[in-house]
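Input: a single structure, listed below in structure tokens.
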Amino acid sequence: MNAITPLEDAAAAGATGASIVNGLSVDVEDWFQVGAFESVIERDDWPSLVDRVERNMHAILDMFDEAGVSATFFALGWVAERHGGMMREIVNRGHELASHGWDHGRVFRMDRASFGADIERARKVLEDTSGSRVRGYRAPSFSIDVRTPWAFQELAEQGYTYSSSVAPVAHDHYGWAEAPRFAFRPLPWSDLIEIPVTTAMFAGRRLAAGGGGFFRVIPYAFSRWAIRQVNRHEGRPAVFYFHPWEIDPGQPRVAGAPLKSRLRHYTNLDRMSGKLRQLVGEFAWGRMDLLAHREAARLDAETVA
Ligand SMILES: [Zn+2]
């Protein structure tokens, strides 16, 4: 796997903007750690549940190798502690390893001190297991919003370069509908960049278009339209995410979860790998740290101009 420098990556993106390199990301968590099931799966039961993340991660890493793309893996500290070899493999295969917090606690349910402790604990395990620096963070369930004005301050003070933790859209579980749709600097005193997950504008409304259940449930043509819209008409990179459990039709079924959660979680798991291959083949993708680097340069240029 070739090491790609930010400069080469920027050159590949084309100074003319002919082809935009989008951000590809995977939130590394297992089937029992998703927010939608937290009312029926006890946190204390996690260690006894069947582990599927390792096999699913290998399938994803192989898919990315075949397609020749590199990506960012936002991993839970809880997963890293149990799969240190996998953390090393992510880095050895040319990807970025970044943080998804310790055990998927939502940021808006913490205070600043507990959030600081959560990301510090996760980062230490991620760095110790992988031997690589962690510079990026994604909040579980995009849970940085108006309720957490201290979150960006804490990330900046702990030395993070970027965050991709905001869903600038109204959604039943998450969302900060008033947030900017593209990369911004949330703090006047820091270079920290927030790169929100992608939305597309349709009839004056913001639509979630950056992955998750939407990508699995809605026909591929919508995602293609949305990313083209963002790349070609708005001239901006898209940010896409998915989870290892989304390519796993063989995962255990959770009984007793709300119907809406079950529908959202289990629909089209068998079609996900094919859809992802199409998506990865049809657009240009790269790591989030390199995307953050390019977006920082763009924001700097805008400030000067
Ligand atoms: Zn997550």
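Derivation of every value follows stated rules applied to the coordinates shown; laboratory data play no part. Keep in mind that what you see is a predicted model, and the values were worked out from it rather than measured. Note: ideal-geometry Cβ built from the backbone for every residue, glycine included; neighbour counts use all protein chains shown.
Can you confirm whether region 152-160 contains a residue that is within 15 Å of the ligand (Cβ to nearest atom), in contact with a Gly (Cβ under 6 Å, 6 or more places away or on another chain), of a type in the set (Asp, Glu) and outside any loop (DSSP other than H, G, I, E, B)?
no
Name the residues in region 72-120 that are within 16 Å of the ligand (Cβ to nearest atom) and surrounded by fewer than 16 Cβ atoms within 10 Å (Cβ to Cβ), would you?
Of everything in region 72-120, just one residue is within 16 Å of the ligand (Cβ to nearest atom) and surrounded by fewer than 16 Cβ atoms within 10 Å (Cβ to Cβ), namely Arg109.
What pairs come out if I take residues in region 234-245 that are over 17 Å from Arg264 (Cβ atoms) and pair them with residues that are aromatic (Phe, Trp, Tyr) and within 16 Å of the ligand (Cβ to nearest atom) whose C-beta lies under 9 Å away, six or more apart or interchain?
Correct list of pairs: Phe240/Phe215.
So which helices (runs of 4 or more DSSP H) stay within region 40-144 end to end and still have 1 or more residues that are closer than 21 Å to Gly213 by Cα and out of contact with any Ser or Thr (no Cβ under 6 Å at 6 or more places or on another chain)?
Here the list reads 53-67.
With the checklist (1) surrounded by fewer than 20 Cβ atoms within 10 Å (Cβ to Cβ); (2) under 26 Å from Gly101 (Cβ atoms) in hand, flag the one item Ile144 doesn't pass.
Tallying (1) surrounded by fewer than 20 Cβ atoms within 10 Å (Cβ to Cβ); (2) under 26 Å from Gly101 (Cβ atoms), Ile144 fails exactly one: (1).
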